[in-house]
1. Quick test for you: out of Leu35, Leu16, Leu77, pick the one residue that is exposed (fewer than 11 other Cβ atoms within 10 Å of the Cβ) and hydrophobic (A, V, I, L, M, F, W, C).
2. Where residues in the range 60-74 are part of a helix (DSSP H, G or I) and modelled with pLDDT of 85 or more, which of them is least open to solvent (accessible area, probe 1.4 Å)?
3. Could you please tell me which pairs satisfy a Cβ distance under 6 Å, a separation of 6+ or placement on different chains, a first residue in the range 15-32 that is under 15 Å from Ile43 (Cα atoms) and in contact (Cβ under 8 Å) with a residue 12 or more places away in the chain, and a second residue that is part of a strand (DSSP E or B) and open to solvent by 40 Å² or more (accessible area, probe 1.4 Å)?
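The values are calculated or read from the model by the stated rules, or taken from the named source; none is laboratory data. The shown structure was predicted, so the numbers you read here are calculated from the model rather than taken from an experiment. No Cβ is skipped: glycine too gets one built from the backbone with ideal geometry, and neighbour counts run over all protein chains shown. Please note that ligands, DNA and RNA were not included when accessible areas were found on the heavy atoms of the full protein model with its side chains. Shrake-Rupley method; radii C 1.70, N 1.55, O 1.52, S 1.80 Å.
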Amino acid sequence: MKGFDKLDIDSKSIMLHYRGQMITSVKYYNYRVTLYAFSDRLIEEYYDTENREVSRICNATDQDLKKYLDKIDISDLTTFN
């Protein structure tokens, strides 16, 4: 979505919560990182659990996605009946 990157962090957060699709969330150091599908990209929202505020919203890179691998469960796909 054009213009999203130019929004302030509060506006980005509101857009993600109302128009994005939450995929998963992980605890990462002192953050709760939530991965969203938004428009044609994957976006991470970093919520600082100590300061209780969103501190960063950015496009997820291939490297960023590695932190979610433990959350993926494909057992339904590998079970043969």
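1. None of the other options fit; the residue is Leu77.
2. Tyr68
3. Arg32/Tyr47
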